[in-house]
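One structure below.
The values are calculated or read from the model by the stated rules, or taken from the named source; none is laboratory data. Worth saying up front: this structure is predicted, and the values here are computed from it rather than measured. Please note: Cβ atoms are built from the backbone with ideal geometry, for glycine as well, and neighbour counts cover all protein chains shown.
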Amino acid sequence: MKLSFSPEDEAFREEVANWLQDNLTGEFEKLKYRGGPGDEHMFPDERKVWEQKLAEGGWTCVGWPKEYGGRGCSIEQQVIFFEEYARAGAPGRVGHIGEGLAGPTIIAFGTDEQKKKYLPGIVAGTQLWCQGYSEPSAGSDLANVKTKARFDEEQAKWFINGQKVWTSLAHESDYCFAIARTDPDSVAHKGLGFFLIAMDQPGIEVRPIEQITGTSEFNEVFFDDASCGADDIVGAPGDGWKVAMGLLGFERGVSTLGQQMQFQNELDEVVRQARSNGAARDPAIRQRIARAHAELKIMRYNSMRMLSGQSASDGALQKEALIYKLFWATWHRSLGELAMDVLGPECEILEGAPYALSRLQSMYLFVRSDTIYGGTNQIQRNIIAERGLGMPREPKGTAK
């Protein structure tokens, strides 16, 4: 693991910082520090334009290989990019699912035709993606998916039927990567396919799920004979689980660095509020802020450790990555609680709907979901025990 930066890396840092300073102005000035957790509904159209502005400057997909439109940046330079992006207060990325998940998965597992078809739109910031994993009966238990995929040889198309839920930004997305069962008689992780599906078609319905924040980042997505081409399955039928697990390696990979920089901005805002209203004079509050700061540093160092050992070709999870989701979700929930205690009891009272929530209030209402989506904290502990420590699998009840 390398924690230092070379003179060339520091020159790269200056390049990033200067570009952001020159471009995060004018129409983009109002986007500063917006679009983070609980705030994703703010300025969606303007943030889409910002994605294309980043692309014009060559600042999308910085870690992708150059042959696919990226900059081929080293891990150190990717860390620098995310640090400077956060330091400038640049907005939450609406293209992060395509850039951090769909794209690397297609690069690792996709065909040349799939790479030509899908990667340029991600690099250009013109095509947004969402993730079709969770279902009503398959959240943390991903292998329990019921959505089915049927291949029609006459039309040379796959037809998808089923329901996905908790699909972030589905209402803004052009494409969805989804897991569906290609073998109707299969069970668990066998017989799955990984599909690339256009969202703008008659067979797809997106229904927003209103959150406690009053916004609808999440959605239900219904597939009713939604179709994709014969060439829009990544890997062979039955390879879906392998591809899906590879994608999770990327999810706990470089994309975590950008997430941590958003966390830093939120912690900085908590500190600013504590200094402003006098909460920082409370020794217990100071101790909690110090703990949050130290744990965020630990999170960063662990990310760099697992990135140092990660295979860039397949997104394979290192053991260090197994603890990451549990660690950051619990940390973020605690930060939300700290924010409310810093703001004081008056922050729990609002006149009435529509609620004009502050950044920290929105964050607090959102962070409880962090310990649920993407695998609950309880499931994450099982994964650590079984995959990381080699302990016996949790016994499952049997129907009588």
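Select from segment 18-52 the residues that are more than 24 Å from the chain's Cα centre (by Cα) and surrounded by 11 or more Cβ atoms within 10 Å (Cβ to Cβ) and list them in ascending order. Matches in segment 18-52: Asn18, Trp19, Gln21, Asn23. Checking the stated criteria, Gln273 turns out not to satisfy the condition of being in contact (Cβ under 8 Å) with a residue 60 or more places away in the chain, within 29 Å of Trp331 (Cα to Cα) and not in a helix (DSSP H, G or I).
Taking the conditions (1) assigned to a loop (DSSP other than H, G, I, E, B); (2) in contact (Cβ under 8 Å) with a residue 24 or more places away in the chain; (3) exposed (fewer than 15 other Cβ atoms within 10 Å of the Cβ) in turn, Asp185 satisfies each one other than (2). All conditions but one from (1) at pLDDT 95 or above; (2) surrounded by fewer than 20 Cβ atoms within 10 Å (Cβ to Cβ); (3) not aromatic (Phe, Trp, Tyr) apply to Ile106; the one that does not is (2).
Which one is surrounded by the fewest Cβ atoms within 10 Å (Cβ to Cβ), of the residues in segment 151-167 that are among the polar types (S, T, N, Q) and assigned to a loop (DSSP other than H, G, I, E, B)? Applying the filter and picking the extreme gives Gln155. Checking each residue of segment 220-230 against the condition of being in contact with a Leu (Cβ under 9 Å, 6 or more places away or on another chain), surrounded by 20 or more Cβ atoms within 10 Å (Cβ to Cβ) and either touching a residue at least 60 places away in the same chain (Cβ under 8 Å) or assigned by TED's automatic domain parsing to the domain that holds Glu348 (or both) gives at least one match. What are the pairs, 6+ residues apart or on separate chains, where a residue within segment 385-400 that is surrounded by 10 or more Cβ atoms within 10 Å (Cβ to Cβ) has its Cβ under 6 Å from a residue that is at pLDDT below 75? Within 6 Å, the pairs are Gly388/Lys319.
Being free of Cβ contacts under 8 Å to residues at least 60 places away in the same chain and either in contact with a Ser or Thr (Cβ under 7 Å, 6 or more places away or on another chain) or within 20 Å of Asp232 (Cβ to Cβ) (or both): is that true of Val145 here? Here the answer is yes, as Val145 does meet what is asked.
Kindly evaluate Glu210 against the criterion of being part of a loop (DSSP other than H, G, I, E, B) and out of contact with any strand residue (DSSP E or B) (no Cβ under 9 Å at 6 or more places or on another chain). Against the criterion (part of a loop (DSSP other than H, G, I, E, B) and out of contact with any strand residue (DSSP E or B) (no Cβ under 9 Å at 6 or more places or on another chain)), Glu210 qualifies. Does at least one position in segment 339-356 carry a residue that is at pLDDT 90 or above, within 24 Å of Glu135 (Cβ to Cβ) and surrounded by fewer than 16 Cβ atoms within 10 Å (Cβ to Cβ)? No: segment 339-356 contains no residue that is at pLDDT 90 or above, within 24 Å of Glu135 (Cβ to Cβ) and surrounded by fewer than 16 Cβ atoms within 10 Å (Cβ to Cβ).
Residues that are surrounded by fewer than 18 Cβ atoms within 10 Å (Cβ to Cβ) and hydroxyl-bearing (Ser, Thr, Tyr) were ranked within segment 109-148; the one that is farthest from the chain's Cα centre (by Cα) is Thr111. The residue pairs whose first member lies in segment 239-250 and is touching a residue at least 12 places away in the same chain (Cβ under 8 Å) and closer than 13 Å to Ala178 by Cα, whose second member is basic (Lys, Arg) and outside any helix (DSSP H, G or I), and whose beta carbons are closer than 9 Å, counting only pairs six or more residues apart or on different chains, are Gly240/Arg181; Trp241/Lys190.
(1) more than 18 Å from the chain's Cα centre (by Cα); (2) assigned to a helix (DSSP H, G or I): which one isn't true of Asp370, the others all being true? Every listed condition holds for Asp370 apart from (1). Confirm whether Arg381 is farther than 20 Å from Ile323 by Cβ, in contact with a helix residue (DSSP H, G or I) (Cβ under 8 Å, 6 or more places away or on another chain) and among the charged types (D, E, K, R). When the stated conditions are applied, Arg381 does not pass them. Of all residues assigned to segment 27-37, none qualifies as being free of Cβ contacts under 8 Å to residues at least 24 places away in the same chain and not charged (D, E, K, R). Out of Phe194, Phe250, one residue alone is aromatic (Phe, Trp, Tyr) and out of contact with any strand residue (DSSP E or B) (no Cβ under 6 Å at 6 or more places or on another chain). It is Phe250.
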